[in-house]
Each structure stands twice: as C-alpha cells, then as structure tokens.
Amino acid sequence: MPHSGQQNIHCIVSDCHYWNQGNKCHADQILVANDAFGSMQPDQVDVNTASQLTPGTAGSCMATCCKTYVTKGSNKIEADGAKRMP
C-alpha cells in the first residue's frame, strides 16, 4: 500500500494536550526519547531542538517516552515547540 506522506501517531494518553478522539496524536511533530534523557531535560528541549540532539539507545519500548507530552490545560503548551493540529 502506498504511503500517503502523512503520519498517523496513535496515543492512548488522554490527559495530553495533543490527544484527540480516536486515540490520535494531534501534535504537528513529536520527540521520542529514552527515559534517562527525557527525565533530565527541561520542557524546552523538544521538537525545536531535535535536529541538534545526539541519538541514544533505549534497549526496549519500556525505556522510551514521548518528550512532547504536555498535560491538558497546562501553561506549558508552548514550551515544547510543537503545535496542535486541527
């Protein structure tokens, strides 16, 4: 099946600012990192700096996190550099 060019990110974290009905992520871009990196970095280290970051390893899916996660209603929705798509 040909690729449409649009990514479909599925997310079941319903308290995230980017979560939408049908378990879809409506962030225009996301940063997935290993847990060690994610826990050490401030909110501003996210999609806006992703191309400058050094890749690391996780070892398993259980050791990864979505660094773009922002709690619904948070005042930090602009800190990560991602935008909510309609």
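Just so you know, all these numbers are worked out from the coordinates, no wet-lab data involved. Note that this is a predicted model, so its numbers are computed, not measured. Using ideal geometry, Cβ is built from the backbone for each residue, glycine included, and neighbour counts are taken over all protein chains shown.
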With -39,500 (n - 2.57) per DSSP H segment of 4 or more residues and division by the full residue count of the chain, the 222 nm estimate, nearest 500 deg cm²/dmol, is -1500 deg cm²/dmol
Checking the range 8-86 for trypsin sites (Lys or Arg not before Pro) in a loop per DSSP with at most 12 other beta-carbon atoms within 10 Å yields LYS72, LYS76
Scanning the chain, every Cys lacking a C-beta partner under 4.7 angstrom -> CYS16, CYS61, CYS65, CYS66
So GLN21 and ALA58, fully extended at 0.36 nm per residue minus their Cα-Cα distance, gain in nm 10.4 nm
Under 5 Å from the placed amide H of ALA27, counting only residues 5+ away or on other chains, we find MET85
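In debye, nearest 20: dipole of the chain around its Cα centre with unit charges on the Cβ of K, R (+) and D, E (-)? Don't skip to the end; give the middle numbers.
Numbers: 6 positive and 7 negative charges, 38 e Å.
That gives the chain a dipole magnitude of about 180 debye.
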Counting only residues 5 or more apart in sequence or on a different chain, those whose built amide H sits under 5 Å from that of TYR18 are VAL70
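At a 10 Å Cβ-Cβ cut-off, how would you order LEU53, LEU31, fewest neighbours first? Don't jump to the answer; show the numbers that get you there.
Details: LEU53 14, LEU31 23.
Final ranking by Cβ density, sparse to dense: LEU53, LEU31.
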